[in-house]
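The values are calculated or read from the model by the stated rules, or taken from the named source; none is laboratory data. Only a predicted model underlies this, so the values are computations on that prediction, with no experimental measurement involved. Counting neighbours? That spans all protein chains shown, and the Cβs are built from the backbone with ideal geometry, glycine included.
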């Protein structure tokens, strides 16, 4: 199973999003893709979504790019889960 974690680039996503995910999700057979974990370079999410099993989109802040990624995922029939914080 491949899980793509989508988010806005406006927040401190490494400490607030990536670190908790890596700390709490460590299941065999599940590949978690955090697009900017190792680089700020653009990530080809459109291509990756073709082989993705699930998109988890952190939607607390508006983002045009995130909306585009969710449109691609929806078009490709990839399931989408959208957690958010009311305090963002």
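Within the set 41, 51, 37, the sole residue that is at pLDDT 90 or above and either assigned to a loop (DSSP other than H, G, I, E, B) or in contact with a helix residue (DSSP H, G or I) (Cβ under 7 Å, 6 or more places away or on another chain) (or both) turns out to be 51.
Of all residues being out of contact with any helix residue (DSSP H, G or I) (no Cβ under 9 Å at 6 or more places or on another chain) and not in a helix (DSSP H, G or I) in segment 9-26, which is modelled with the highest pLDDT? Just the residue, please.
Taking the candidates together, the pick is 25.
If you take the residues of segment 14-36 that are closer than 18 Å to residue 65 by Cα and in contact with a strand residue (DSSP E or B) (Cβ under 9 Å, 6 or more places away or on another chain), which of them is surrounded by the fewest Cβ atoms within 10 Å (Cβ to Cβ)? Only one residue tops the list, namely 33.
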